[in-house]
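The structure appears below as structure tokens.
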Amino acid sequence: MEAQTRRTTRKTLLAFAIIYFVWGSTFLAIRVGVREVPPFLLAAMRFLVAGLVLYGWMIAQGERSPSKRQWMSASLLAVMMATIPVFMALSEIIFLRTQRLTVRLGLALLIGIAGVGVLMSRSLNLGGAPINPVGAVALIIAAMSWSVASALTRKLPLPASKVMSSGAQMLAGGLFLALTAASLGEFRNFHPSTVSGGAWLALLYLIVAGSISGFTAYVWLIHHESPTKVGTYAYVNPVVAVLVGYFLGGEALGLRTILGTLFVLISVVVITMTPAKKPVATLPAGEDTPEVVGS
């Protein structure tokens with residue numbers, strides 16, 4: 001039992017390291033890729049290839065293909081994941097009821113929001129260019145969808161295999177992205193022969209590290225840890241992205257970025273250290289002992 005607990009702890013730490021640092025490093029890869037490949041088409045290729053790899057691998061291992069109901073659930077989640085931890089926490093409080101909005105958690109979320117505000121503010125004279133407000137609003141809307149979908153992942157019927165679940169969701173998401181790219185005319189403006197080797201390498205990194213490894217780790221974590229804690233990746237990723245951009249991408253590192261980063265790191269530490277509330281089992285009338293269900 002103790003050995004199994006240690007293995008689970010190691011898996012958890014590894015999964016957090018992947019979604020923290022690998023996903024943070026994908027920001028630079030995305031920036032390199034979208035210079036030469038239309039954005040929706042880049043994302044479509046990333047998720048379709050990653051999804052096909054995982055799906056094909058699991059089928060080869062003898063795993064059953066998802067049922068029609070499971071494909072519908074994967075498609076719903078893929079559309080919703082079209083993120084900011086405050087929405088992840090609220091989703092956990094509202095839908096899963098495994099977290100309470102305590103004063104400590106509320107302050108941590110406010111500090112994280114303040115960090116985002118510092119990065120976006122046009123009134124604070126901190127040097128460096130603030131984030132474009134239109135892009136910021138788009139990211140917040142995407143964050144809300146992602147966070148609600150992450151909470152619903154525990155409730156919707158999905159394949160028991162986390163690898164198959166990841167593959168199905170990425171396949172569905174890649175299909176929707178491809179349809180979006182087609183509707184925007186991105187296929188007409190895309191000429192593979194003109195894409196540089198660096199952009200193709202960036203896409204390969206996004207497929208292997210960002211999607212196959214990162215999204216599978218995320219799906220596993222969301223079933224084993226509090227969604228609020230898992231959601232802290234959205235605070236850490238920009239910090240990692242800033243550091244990777246500074247050391248590898250030649251980007252500037254000003255006071256605005258440093259102050260905003262400090263706020264979000266404080267928020268992450270507090271949220272991560274906040275214990276989740278254990279779900280209370282409700283017994284049917286006439287039963288005196290709870291039924292033990294394996295995890």
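Data for the structure
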{"quantity": "Gap separating the Cα centres of region 173-198 and region 5-84, nearest whole Å", "calculated": "19 Å"}
{"quantity": "Length added when fully stretched, T5-V34, from 0.36 nm per residue minus Cα-Cα", "calculated": "6.2 nm"}
{"quantity": "Mean shadow area of region 2-57, taken as a quarter of the surface of its Cα convex hull (nm²)", "calculated": "5.0 nm²"}
{"quantity": "Efficiency of FRET from Cβ geometry, A160 and V269, R₀ 51 Å, rounded to 0.05", "calculated": "0.90"}
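Only the coordinates and a few stated rules stand behind these numbers; no lab work does. Remember, predicted model here, so these are calculated numbers, not experimental data. When we count neighbours, we look across all protein chains shown, and the Cβ atoms used for this are built from the backbone with ideal geometry, even at glycine.
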